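S.K.: Here it is, the structure in full.
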Amino acid sequence: QVQLVESGGGLVQAGGSLRLSCAASGRTSTYAMGWFRQAPGKEREFVAAISWSGVSTYYADSLKGRFTISRDNAKNTIYLQMNSLKPEDTAVYYCAARSERYYYQVPRDNYDYWGQGTQVTVSS
């Protein structure tokens with residue numbers, strides 16, 4: 001069983017930055033990790049993913065260059081650095097985990113475990 005707890009959300013002005021963290025409990029060393037978000041009235045969407053080795057990452061096209069995903073396996077924690085934030089980035093951000101066989105895999109969906117989410121609000 002894997003439990004995920006997000007933190008780091010909050011209120012920020014447009015153009016600002018936030019770093020989200022997701023602390024995992026349980027054996028996640030062979031789990032790819034991802035970030036998703038859900039804005040009010042919209043479906044949940046993929047943001048970024050990282051392989052369990054950390055060598056591979058994948059981003060939603062619209063977020064490339066502004067968001068960076070990383071992980072520290074020694075701390076069982078993944079991060080999402082968000083820069084140049086825009087009001088349309090306002091959403092609840094969720095981290096997710098998925099067991100993967102290969103060290104380079106970065107899944108975009110079908111995750112096994114989810115956190116409870118952290119709210120990010122970007123004011124204009």
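The values are calculated or read from the model by the stated rules, or taken from the named source; none is laboratory data. Just so it is clear, the structure is predicted and the values come from calculations on it, not from any experiment. In this analysis, Cβ positions are derived from the backbone assuming ideal geometry, glycine residues included, and neighbour counts consider all displayed protein chains. Just so you know, the surface numbers come from the protein's heavy atoms only, side chains and all, with ligands and any DNA or RNA stripped out. Shrake-Rupley method; radii C 1.70, N 1.55, O 1.52, S 1.80 Å.
S.K.: Normalised by the residues of segment 16-124, what does the relative contact order come to in percent, with Cα pairs under 8 Å and at least six apart?
M.R.: 34 percent
S.K.: Okay, next question. Any chance you could run the full-extension gain for Arg108 through Thr57? It's 0.36 nm times the residue separation minus the Cα-Cα distance, nm to one decimal. Please report the intermediate quantities before stating the final value.
M.R.: Values: separation 51, 0.36 × 51 = 18.36 nm, distance 1.05 nm.
Between Arg108 and Thr57, full extension yields 17.3 nm more.
S.K.: Over segment 24-124, what is the percentage of antiparallel beta bridges among all DSSP beta bridges, to the nearest 5?
M.R.: Once the DSSP bridges in segment 24-124 are tallied, antiparallel ones form about 100 percent.
S.K.: What figure in square angstrom, to the nearest 10, would you give for the accessible area of Arg98 with a 1.4 Å probe?
M.R.: 60 Å²
S.K.: In Å², what does the accessible area per residue of the chain work out to with a 1.4 Å probe? Write out the running numbers ahead of the final one.
M.R.: On the way: 6500 Å² over 124 residues.
Accessible area per residue, the chain: 52 Å².
S.K.: Under 1.5 on a/c is rounded, so check that first for the chain, then, if it is not, pick prolate when a/b is larger than b/c and oblate when it is not; a ≥ b ≥ c are the square roots of the alpha carbon gyration tensor eigenvalues.
M.R.: Values: a/c = 1.79, a/b = 1.67, b/c = 1.07.
Here the chain falls in the prolate category.
S.K.: Length gain on complete extension for the stretch Ser25 to Lys75, per 0.36 nm per residue less the alpha carbon to alpha carbon distance?
M.R.: Values: separation 50, 0.36 × 50 = 18.00 nm, distance 0.98 nm.
Gain in length upon complete extension: 17.0 nm.
S.K.: On to the next question. With θ taken as phi - 60° and the coefficients 6.51, -1.76 and 1.60, list the Karplus ³J(HN,Hα) couplings across segment 102-108 in order, rounded to whole Hz; mark glycine and proline as x.
M.R.: 9, 5, 9, 6, 10, x, 9
S.K.: Using a 1.4 Å probe over the heavy atoms of the protein chains, calculate the carbon and sulfur portion of the accessible area of segment 1-63 as a whole percent.
M.R.: 46 percent
S.K.: What dipole magnitude, in Debye to the nearest 20, does the chain give about its Cα centre under +1 on Lys/Arg Cβ and -1 on Asp/Glu Cβ?
M.R.: Around 180 debye, computed over the chain.
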